[in-house]
Amino acid sequence: MSTVIALICKPGSSKPGLSVEDGVLHLRVRERAIEGAANEACIKALADALGVPRSHVRLFAGARARQKRFAVEGIDDAEARAKLGLSG
């Protein structure tokens with residue numbers, strides 16, 4: 001059981017957190033996009049929000065872009081969407 005999560009990462013935010021804007025998931029993290037710090041923060045925040053271990057979240061597209069895609073093991077698509085506040 002696994003799912004793919006697409007989101008827009010906003011590094012260097014003063015107010016970190018998840019939000020849904022126009023049906024798109026936005027993840028704000030305090031860390032800057034320097035030496036992978038923002039990517040690691042995204043992995044941790046996503047794992048915490050979904051209730052899975054960090055080791056179950058893997059960034060597989062967008063390491064150097066704001067639009068990112070994560071593979072998440074141990075959770076199905078419907079459960080992930082519900083926990084993240086996404087409709088459909």
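The values are calculated or read from the model by the stated rules, or taken from the named source; none is laboratory data. In this text the structure is predicted, and so the values were computed from the model without any measurement. Positions of Cβ are generated from backbone atoms using ideal geometry, with glycine treated the same way; all protein chains shown enter the neighbour counts. Surface accessibility is based on the protein's heavy atoms, side chains included, excluding ligands, DNA and RNA. Shrake-Rupley method; radii C 1.70, N 1.55, O 1.52, S 1.80 Å.
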Those residues that are basic (K, R), assigned to a loop (DSSP other than H, G, I, E, B) and surrounded by 15 or more Cβ atoms within 10 Å (Cβ to Cβ), I need them from segment 25-39; list them, please.
none
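Filter segment 59-76 for residues that are closer than 16 Å to R32 by Cβ, surrounded by fewer than 17 Cβ atoms within 10 Å (Cβ to Cβ) and either of a type in the set (A, V, I, L, M, F, W, C) or in contact (Cβ under 8 Å) with a residue 40 or more places away in the chain (or both) and give the result. So that I can check it myself, show each step before the final result.
Step one: list which residues in segment 59-76 are closer than 16 Å to R32 by Cβ, which gives 63-66, 68.
Remaining after also requiring surrounded by fewer than 17 Cβ atoms within 10 Å (Cβ to Cβ): 63-66.
A63, A65, R66, listed by residue number.
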Looking at G23, G17, G12, G36 in this structure, which one is closer than 23 Å to D76 by Cα and without any contact (Cβ under 8 Å) to a residue 60 or more places away in the chain?
G17
Those residues that are more than 17 Å from K44 (Cβ to Cβ) and hydroxyl-bearing (S, T, Y), I need them from segment 1-17; list them, please.
S2, T3, S14
Output the residues belonging to segment 1-15 that are open to solvent by 70 Å² or more (accessible area, probe 1.4 Å) and more than 16 Å from L50 (Cβ to Cβ).
S14, K15
